[in-house]
1. Within segment 159-181, can one find any residue that is aliphatic (A, V, I, L, M), part of a strand (DSSP E or B) and at pLDDT 95 or above?
2. Has segment 307-324 got at least one residue that is farther than 25 Å from Gln287 by Cβ and surrounded by fewer than 23 Cβ atoms within 10 Å (Cβ to Cβ)?
3. Inside segment 343-376, can you point out the residues that are assigned to a strand (DSSP E or B) and in contact with a Ser or Thr (Cβ under 7 Å, 6 or more places away or on another chain)?
4. Pick from Ala147, Ala186, Ala174: which is closer than 22 Å to Gly58 by Cβ, buried (at least 24 other Cβ atoms within 10 Å of the Cβ) and more than 10 Å from the ligand (Cβ to nearest atom)?
5. From Ser77, Ser19, Ser51, Ser42, which residue is under 26 Å from Asp178 (Cα atoms) and either surrounded by fewer than 19 Cβ atoms within 10 Å (Cβ to Cβ) or touching a strand residue (DSSP E or B) at 6+ places or on another chain (Cβ under 8 Å) (or both)?
6. For Gly210, indicate whether it is out of contact with any Ser or Thr (no Cβ under 6 Å at 6 or more places or on another chain), at pLDDT 95 or above, more than 17 Å from Leu29 (Cβ to Cβ) and more than 14 Å from the ligand (Cβ to nearest atom).
7. Counting only residues that are free of Cβ contacts under 8 Å to residues at least 12 places away in the same chain and either touching a Gly at 6+ places or on another chain (Cβ under 6 Å) or closer than 21 Å to His127 by Cα (or both), give me the helices (runs of 4 or more DSSP H) lying completely in segment 34-115 with at least 2 of them.
Amino acid sequence: MDKLLIEGGVPLVGEVAISGAKNAALPILCASLLCGDTLRLSNIPHLNDISTMLRLIGQMGVVVTMEGNEALTLDSSGLNNPFAPYDMVKTMRASILVLGPLLARCGEARVSLPGGCAIGARPVDQHIKGLQAMGAEITVEGGYVHAKASRLRGTRIVTDMVTVTGTENLMMAAVLADGETVIENAAREPEVVDLANCLVSMGALISGAGTDCIRIQGVDKLHGAAHSVMPDRIETGTYLCAAAATHGNVRLTHTSAVWLDSVVDKLRETGCDIDCQADAIILKAPQRLKAVSIRTAPYPAFPTDMQAQFMAINCVAEGSAVIRETIFENRFMHAVELIRLGADIRIDANNALVTGVPKLDGATVMATDLRASASLVIAGLVAQGETLIERIYHLDRGYERIEEKLSRLGARVRRVR
Ligand code: UD1
């Protein structure tokens, strides 16, 4: 298993390009299942989760052709196997995103339940409830969701909580349904909007994406299209945090701050100077950051996927901060690893009290999930001496060429095989 060895203490300085968004690319790859034509996608990041999704839809009959470095075409005219097996779904929860499109296109789908994951139980009851409201017959047996519907029908769905992939699954199912579907309490995440834009370019009739009420007028079929995936706002935020924590000065290109208001506001509160340009963000960090309290909540509030990175920042900031996690019940596993580096963190249920210390010391730590791993990288970049991060396959799921990008900014980091 690969590990990451970081020699901390070097400020990140320079320019780095941000990749396409994992959480937009994954549902958009699934959208290809909805039409019998070719979908051409660009700005696709090179990540393990993307490879997993390509393998998953590939075994369903979708022909994937790579076109250069970051583009590919998906031809789903031969889709013949609406089945997502456990051994693929268990490695990536987002596999559940095939359920809605398969059901809408094939009238049937058998998809393994994803099960729990390191950050919490994460059920998919809202996906199932919404599809049932659209007329699907659903049974859950032997760990599989088996769904059938000759044609889904439009209806009004109110989800119990804001769910990102739930909204995406239901939106994809609804584009081929009979009549109008209204999704209330919809997720407003930018990735939902990117998926809607791609679906609209394929001929779907969708309005309201980006608000909490999405209306979809079903059509008989979709056609081929081309779409460029939006930049990864979480990768962007992670590099901003890494630069802030190391007192660096970076320019991130191929990205934008328009989806990062809550994160940029908080970084400014720490004392960072941030210049948001049309397709770049420049951050200059002060010599000592001020601790900032955060509370995670659905977009446009502070993203849970940036919580761990801000915990790392607060570990070396001046003062104390409270971090409140409201989306996932078990998302503080990075805290115990940060404590091993010398951080002062006290956890009480879904609150973490972080008191900044003057320095962290390198140690061996273990990555437990994707964003937890990012916080350990940030802490390792700050810590004195060497930090060895184990189990970095989590990082490879969501950060493209992380050691190369960090090295370009001057970090002393290398992969140990
Ligand atoms: C997506 C993102 C993930 C991010 C999360 C929250 C992708 C591929 N992943 O995950 O990076 O951390 O949004 O912003 O886009 N819930 C239920 N029942 C359901 C669905 C969700 O109880 O049927 C709960 C979850 O357990 C969680 C909350 O709702 O507590 C939000 O989860 P959700 O938005 O669905 O997360 P994902 O879409 O899985």
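1. Taking segment 159-181 first, the residues aliphatic (A, V, I, L, M) are 161-162, 164, 170-177.
Then keep just the ones that are part of a strand (DSSP E or B); that gives none.
No.
2. So far as segment 307-324 goes, yes, one or more of its residues are farther than 25 Å from Gln287 by Cβ and surrounded by fewer than 23 Cβ atoms within 10 Å (Cβ to Cβ).
3. Going residue by residue through segment 343-376, those that are assigned to a strand (DSSP E or B) are 344-348, 351-355, 361, 364-366.
Selection gives Asp344, Leu353, Val354, Thr355, Val365.
4. Values: Ala186 fails: closer than 22 Å to Gly58 by Cβ; Ala174 fails: closer than 22 Å to Gly58 by Cβ.
After applying the criteria, what remains is Ala147.
5. Ser77
6. On the way: out of contact with any Ser or Thr (no Cβ under 6 Å at 6 or more places or on another chain): yes; at pLDDT 95 or above: yes; more than 17 Å from Leu29 (Cβ to Cβ): yes; more than 14 Å from the ligand (Cβ to nearest atom): yes.
Yes: the conditions hold for Gly210.
7. Details: elements: 48-58, 86-89, 99-106.
Here the list is empty.
Yes/no matrix, rows are residues, columns are (1) under 14 Å from Ser32 (Cα atoms); (2) out of contact with any helix residue (DSSP H, G or I) (no Cβ under 6 Å at 6 or more places or on another chain); (3) surrounded by fewer than 23 Cβ atoms within 10 Å (Cβ to Cβ):
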| position | (1), (2), (3) |
| --- | --- |
| Asn197 | yes, yes, yes |
| Gly203 | yes, yes, yes |
| Gly208 | no, yes, yes |
| Arg215 | no, yes, yes |
| Gly218 | no, yes, yes |
| His223 | yes, yes, yes |
| Ala226 | yes, yes, yes |
| Pro231 | no, yes, no |
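The values are calculated or read from the model by the stated rules, or taken from the named source; none is laboratory data. All figures in this text were calculated on a predicted structure; none of them were measured in a lab. Note: ideal-geometry Cβ built from the backbone for every residue, glycine included; neighbour counts use all protein chains shown.
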